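The following block contains the structure, expressed as structure tokens.
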Amino acid sequence: MIPYGRQHIDDADIAAVIETLQSDFLTQGPKVPEFEVAIAAACQAKYAVAMNSATSALHLACLALGVGAGDLVWTSPISFVASANCALYCGANIGFVDVDATTGLMSVEALTNKLASAALHGNLPKVLIPVHLAGHSCDMAAIHRLCASYGVKIIEDASHAVGACYQDQPVGNCRFSDITIFSFHPVKIITTAEGGMALCNDIALYSQLQLLRSHGITRNEQDMSEPSHGPWYYQQIDLGFNYRMTELQAALGLSQLDRLRQFIHHRIKATEIYQQLLADLAVELPADAIDGISAWHLYIVRLENSKQRLAVFQALRAAGIGVNVHYIPIHTQPYYQARGFQWGDFPGAEKFYSQIISLPMYATITLEQQQQVADALKLALQQNQQSPAANV
Ligand SMILES: *Cc1c(COP(=O)(O)O)cnc(C)c1O
């Protein structure tokens, strides 16, 4: 089976992890800060806080921006459920902004209308979480302009977009947001097995993220309510969590980061190959990022409708092609339906969902594998052709 995504681990990665395993620190040592500094530098952000997952990073990003009970957070319905769950962890309510049905990215038009209506009804969100689906940045300049005019803060869920660019600058520099989140899950661009990162340019947000990552405990005397009792002394000044990344993970992440450019280069090349191999097939191919360079985490093609999508998906799986669907609209999940959402709420997201298949895409995919995918897709389409009458 050719998987839809997979990690690439080389000898340098293995050596880095073994070296750390034999060092004095398995956690809370030098590797995590070293990884944070390296990611911040690569993304031209001032600060980065490593965590045990992007889900944890999203949760703390919401808390650091003051999200709490009674607040409202909006995100995209076309994302992994973690993009919405983070608001609920804080006791806040969640809402969704519909996406463009061809790209799956947050629609600026839908956001414009929803903000205007919310302003009128006095229910503006505190935070908006746009999602850079497939590694394509959302239209952040427009989203930022809109949010700034209504006083809405922004967390970019860039779980797919490590190494991507927007307007010639690295995603993660937070030029158009308060905080940016990366994921290092094995299917993502670089991996730490499990892991995530929050980047920001504001020192107060940075301190808050660090504090909440480790139990709300501080060793900085200037943050304490009374003079330190001695070198052992710490104070818990907030209710935090244990969301720390281990040294082993950070060592792996640092080693992977050395190959980030190479990984992105391969994904861009593989995209160009798919565009050629699939050019004559009756499927809609993904467009390039609007104003930048995608990380091409996913290569999403679109079929005619849900019936054809199901048939083609089944044929590809049967042919040993590990296709997938990104994503089932979050608002249609039973947990979210129980909170009042229903099918029909976000037509753009539902249309996108009904047509999509993610083809295999990863940093080591070979030309032969892509050829195999293309051949299988061609065959599947021939076997499941829409009869002209079905389109009338
Ligand atoms: C993978 C992913 C997450 C969660 O990442 P973890 O590191 O697995 O917690 C969140 N949002 C999006 C868009 C993702 O793809």
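The values are calculated or read from the model by the stated rules, or taken from the named source; none is laboratory data. Remember, predicted model here, so these are calculated numbers, not experimental data. Note: ideal-geometry Cβ built from the backbone for every residue, glycine included; neighbour counts use all protein chains shown.
Helices (runs of 4 or more DSSP H) wholly in the range 281-389 with at least 3 residues that are touching an Asp or Glu at 6+ places or on another chain (Cβ under 9 Å) and at pLDDT 95 or above - which ones? Show your work before the answer.
Values: elements: 306-318, 334-337, 347-355, 367-383.
Output list reads 347-355.
Take the residues of the range 139-188 that are among the acidic types (Asp, Glu) and assigned to a loop (DSSP other than H, G, I, E, B): which is modelled with the lowest pLDDT?
ASP168
Here's a follow-up. Which pairs turn up if I take residues in the range 79-105 that are in the same structural domain as SER53 (by TED's automatic domain parsing) and within 15 Å of the ligand (Cβ to nearest atom) and look for partners that are among the charged types (D, E, K, R) and part of a strand (DSSP E or B) with beta carbon separation below 8 Å, at least 6 apart in sequence or on another chain?
Within 8 Å, the pairs are SER79/ASP157; SER83/ASP157.
Only one of ALA48, ALA57 is within 16 Å of the ligand (Cβ to nearest atom) and part of a helix (DSSP H, G or I). Can you tell me which?
Exactly one residue qualifies, and that residue is ALA57.
Still on this structure, I have one more. Please give the number of the condition ALA198 fails out of (1) over 16 Å from ALA45 (Cβ atoms); (2) outside any loop (DSSP other than H, G, I, E, B).
Evaluating ALA198 over (1) over 16 Å from ALA45 (Cβ atoms); (2) outside any loop (DSSP other than H, G, I, E, B) leaves (1) as the failure.
Would the range 119-133 turn up any residue that is within 16 Å of the ligand (Cβ to nearest atom) and part of a helix (DSSP H, G or I)?
yes
Further question on the same structure: How many residues does the range 65-75 hold that are in contact with a helix residue (DSSP H, G or I) (Cβ under 7 Å, 6 or more places away or on another chain) and touching a residue at least 60 places away in the same chain (Cβ under 8 Å)?
2
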